[in-house]
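Enquirer: First, the structure itself, so that you have it in front of you.
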Amino acid sequence: MGAHEPYRAPMDPRWEALAAEDPEIAELIVAEERRQRDKIRLIPSENYVSSAVLAATGSVLTNKYSEGYPGRRYYEGQQFIDQIETAAIERAKSLFGAEHANVQPYSGSPCNLAVYLAFLNPGDTVMGMALPHGGHLTHGWDVSVTGKWFRPVRYGVRKDTGRIDLDEVRDVAKREQPKLIWAGGTAVPRIIDFEAFAEIAAEVGAVFATDMAHIAGLIAGGAHPSPVPHADVVTTTTHKTLRGPRGAMLLSRAEHAKSLDRAVFPGLQGGPHNHTTAAIAVALREAATPGFATYAHAVVANAKVLAEGLVARGFDLVSGGTDNHLILVDLTTKGIPGKQAAKALDRAGIELNYNTVPFDPRKPFDPSGIRLGTPAVTSRGMGTEEMGRIAGWIDEIVSAPEDESLAAATAGEIAEFCRAFPAPGILIED
Ligand SMILES: *Cc1c(COP(=O)(O)O)cnc(C)c1O
């Protein structure tokens, strides 16, 4: 072994087997676990899953093929897999109040593709939020298959408010007559009016889909309005605020169940990832607890305090603040590009990502903004007091991005600070 002996929970024979058989990978996993422990992780799409979710993900369910759906499989031996997938489906339906759920999509992107396959033909018009305004690639952006094989039209945010302009959404919809309209995105700090979107979709006869990947956990915990009563179909990843394994699910009205299920399998996928399905079931059970509702509300409260701390230090926030877990900062007034800021912060122990801001004059690979959020730090039990300290560190580093001794000292300080907030699933001690 190298400098660091891979530590493990005492007497975990599976970990012992990995460390013995493949010390190279074992050591890298330990290094990543240590990194996740010692840094302030602010990437808004990331989190810390529980040990229970990790255990289900690393289980023997990965050995099993089960093409089809519970009770209708193409392989034998489904006595237990059927029960696991049924539990995940029932928990998803009950948590979000949906008539139908499909928990098989491999991840958010293939999940969204299933919506196209269920409702559209190639060349049909799809309307989504423009990527530089906060939309997702799979909502019809050029480089995505959804922008190449379908005809994309787009809406964005207003320059003066940083918020979606529903009059523009309605105008574009009426002019372009999309067959599918998406709401949701990856860099949207404000609550989206799902009901208004549903009305617009109804006016033009479009299917209305909401992609709640970022906010699913907030919705589950009652800290954000739900799109489920308003949308024909709702897609989500399971690994962001929902705090489950890497995966995805579809929720829909009963009338769309058959076409969506057929789109996922056999339309797009083969065998479901049963270890992921089990971990989704575990995460959904966790998300239905009062403790998770407390967590979801704390995520939003923390984001508001972090946003206020940044505004107080002269940072320019897109839309001026946040309603959810996510903050988008335009660094133009600070005179530093997003990428330089993100890299300096990473060296100092604060992990976030550089991001395009609406109407960004800079290129996507070197844009004007940074994107950050509170799901992971809140999972560690950090609260509003800690958010003030984090805003202070961000300001110090962004003000002196080339000061390597400041970065090194801050990284040490942050690692020490993080010790007081043990993260779910992180067991490493050295
Ligand atoms: C993260 C995300 C996705 C894609 O999820 P992957 O699992 O990375 O494919 C789709 N839509 C939105 C809005 C997202 O935030």
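The values are calculated or read from the model by the stated rules, or taken from the named source; none is laboratory data. Not measured: the values here are computed from a predicted model. Using ideal geometry, Cβ is built from the backbone for each residue, glycine included, and neighbour counts are taken over all protein chains shown. What goes into the accessible areas is simple: the full protein's heavy atoms, side chains included, and nothing from ligands, DNA or RNA. Shrake-Rupley method; radii C 1.70, N 1.55, O 1.52, S 1.80 Å.
Enquirer: Which whole-number value in Å³ per residue fits the convex hull of the alpha carbons of the stretch 291-373?
Expert: Once divided by residue count, the hull of the stretch 291-373 is 98 Å³.
Enquirer: Report ³J(HN,Hα) in whole Hz for each residue of the stretch 395-400, in order, from the Karplus equation J = 6.51 cos²θ - 1.76 cosθ + 1.60 where θ = phi - 60°; Gly and Pro get x.
Expert: Working through the residues one at a time gives 4, 4, 6, 5, 7, 9 Hz.
Enquirer: Starting from the Kirkwood radius over alpha-carbon pairs of the chain, derive D by Stokes-Einstein at 20 °C in a medium of 1.002 mPa s and give it in µm² s⁻¹.
Expert: Translational diffusion coefficient: 95 µm²/s.
Enquirer: To continue, here is another question. Suppose each label sits 7 Å from its Cα in the direction of the beta carbon; what would the Arg158-Glu195 distance come out to in nanometres?
Expert: About 2.0 nm separates the two model spin labels.
Enquirer: While we're on this one: If the limit is 19 Å between Cα atoms, which of Lys148/Lys179; Lys159/Lys240; Lys93/Lys304; Lys148/Lys363; Lys304/Lys343 go over it?
Expert: Lys159/Lys240; Lys93/Lys304; Lys148/Lys363; Lys304/Lys343
Enquirer: Let me ask something else about it. Using a probe radius of 1.4 Å on heavy atoms only, what accessible surface per residue do you get for the stretch 229-280? Whole Å² is fine.
Expert: Here the per-residue accessible area is 31 Å².
Enquirer: Tell me the trypsin sites (Lys or Arg not before Pro) within the stretch 282-355 that lie in a loop according to DSSP and have at most 15 other beta-carbon atoms within 10 Å.
Expert: Those satisfying the criteria are Arg313.
Enquirer: Determine the share of the stretch 57-287's accessible area contributed by carbon and sulfur atoms, expressed in whole percent, with a 1.4 angstrom probe.
Expert: Solvent-exposed carbon and sulfur of the stretch 57-287 make up 51 percent of the total.
Enquirer: Would you mind calculating the gained length between Leu28 and Tyr75 on full extension (0.36 nm times residue separation, minus the Cα-Cα distance), in nm to one decimal?
Expert: 13.3 nm
Enquirer: Roll a 1.4 Å probe over the protein chains and send me the accessible area per residue for the stretch 298-418 in Å².
Expert: Value returned for the stretch 298-418: 37 Å² of accessible area per residue.
Enquirer: Taking GluC sites (Glu not before Pro) as exposed when DSSP calls them loop (any state but H, G, I, E, B) and at most 13 other Cβ atoms lie within 10 Å, what is the longest stretch of the chain free of them, the sites themselves excluded?
Expert: So the longest stretch without any such site is 100-401.
Enquirer: When DSSP beta bridges are limited to those with both residues in the chain, what percentage is antiparallel, rounded to the nearest 5?
Expert: Bridges in the chain that DSSP calls antiparallel: roughly 55 percent.
Enquirer: At 1.4 Å probe size, with no ligands or nucleic acids counted, give the accessible surface of Met387 in Å², nearest ten.
Expert: For Met387, solvent-accessible area is about 0 Å².
Enquirer: Would you kindly give the portion of the calculated P(r) for the stretch 261-315 that falls above 17 Å, as a percent of all Cα pairs?
Expert: 65
Enquirer: I need the calculated FRET efficiency for the pair Glu176 and Ser399, taking r as the beta carbon distance and R₀ as 30 Å, to the nearest 0.05.
Expert: Working from the Cβ atoms, E equals 0.10.
Enquirer: Please give the per residue accessible area of the stretch 138-221, computed with a probe of 1.4 Å over protein heavy atoms only, in Å².
Expert: Heavy-atom accessible area per residue stands at 40 Å².
Enquirer: Still on this structure, please answer the following. Rounded to the nearest 0.05, what FRET efficiency do Arg35 and Asp366 have when you use their Cβ-Cβ distance and R0 = 25 Å?
Expert: FRET efficiency, Arg35 to Asp366: 0.50.
Enquirer: Taking the alpha-carbon centroid of each part, what is the distance from the stretch 36-104 to the stretch 362-430 in angstrom?
Expert: One Cα centre to the other: 30 Å.
Enquirer: Now for a separate question. Provide the FRET efficiency to the nearest 0.05 for the Ala293-Ser259 pair, computing r from the beta carbons and using R0 = 30 Å.
Expert: After rounding to 0.05, the efficiency reads 0.35.
Enquirer: I would also like to ask the following. Using alpha-carbon pairs under 8 Å, 6+ residues apart, how would you state the relative contact order of the chain in percent?
Expert: 23
Enquirer: Here's another thing I want to ask about it. Per the 1.4 Å probe, what fraction of the accessible area of the stretch 298-418, in percent, lies on carbon and sulfur atoms?
Expert: Roughly 53 percent of what the probe reaches on the stretch 298-418 is carbon or sulfur.
Enquirer: Turning to a different aspect of this structure: How much mean residue ellipticity at 222 nm does the chain get from its helices, if each DSSP H run of length 4 or more adds -39500 (n - 2.57) and you divide by all residues, to the nearest 500 deg cm²/dmol?
Expert: -13000 deg cm²/dmol
Enquirer: Going by the alpha-carbon gyration tensor, a ≥ b ≥ c the square roots of its eigenvalues, is the stretch 52-142 rounded (a/c under 1.5) or, if a/c is not under 1.5, prolate (a/b greater than b/c) versus oblate?
Expert: prolate
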